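These notes concern the structure reproduced below.
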Amino acid sequence: PWDREGEPSDTKYLYVTHSELNAILNYRGGSLEGSKLYVSLFPCNECAKAIIQAGIKTVVYDNDKYADTPS
């Protein structure tokens, strides 16, 4: 189920993780303190929290796709 709208169990959102959180959770090299993260889009607020808590100091992104939206 990869629809964007509908019942939660019929959409993709219960089945996917953003790349930022996936990278943090799957890193096996020790501390991420002071590291740099490269992503395609500006991180969402939930990923930003994880980035901060992981100690990542620099985020390099290509596009701020939602810059002009309220969320």
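What follows draws every value from the coordinates through simple rules; no lab data is involved. Predicted model, so just to flag it, every value in this text is computed and none were measured. Positions of Cβ are generated from backbone atoms using ideal geometry, with glycine treated the same way; all protein chains shown enter the neighbour counts.
Relative to the present Cα-Cα distance, how much length would full extension add between His18 and Gln53 at 0.36 nm per residue of separation?
11.0 nm
Hey, what number do you get for the chain at 222 nm if only DSSP H runs of n ≥ 4 count, each worth -39500 (n - 2.57), divided across all residues, to the nearest 500?
After summing the helix terms and dividing by residue count, I get -7000 deg cm²/dmol.
Enumerate by residue number the chymotrypsin sites (Phe, Trp or Tyr not before Pro) in the chain meeting two conditions: DSSP loop (anything except H, G, I, E, B), and at most 15 other Cβ atoms within 10 Å of the site's Cβ.
Those satisfying the criteria are Trp2, Tyr15, Tyr27, Tyr66.
Compute a Gaussian network model of the chain, connecting alpha carbons closer than 10 Å, and tell me which residue from Val60, Val39, Val16 fluctuates the most.
Per the Cα network of the chain with a 10 Å cutoff, Val16 tops the list.
Within straight cross-link reach of Lys57, meaning Cα distance under 25 Å, which lysines are found once same-chain residues fewer than 8 apart are removed?
Correct list for Lys57: Lys36, Lys49, Lys65.
Count neighbours as other Cβ atoms within 10 Å of each site's Cβ, and list the GluC sites (Glu not before Pro) in the stretch 1-63 that are DSSP loop with at most 15 such neighbours.
Loop-located and lightly packed - Glu5, Glu33.
In a Gaussian network model over the chain where Cα atoms closer than 10 Å are linked, find which of Leu41, Leu32, Leu14 has the largest mean-square fluctuation.
Highest fluctuation of the listed residues: Leu14.
Between Glu7 and Phe42, how many nm apart are label points set 7 Å from Cα along the C-beta direction?
3.6
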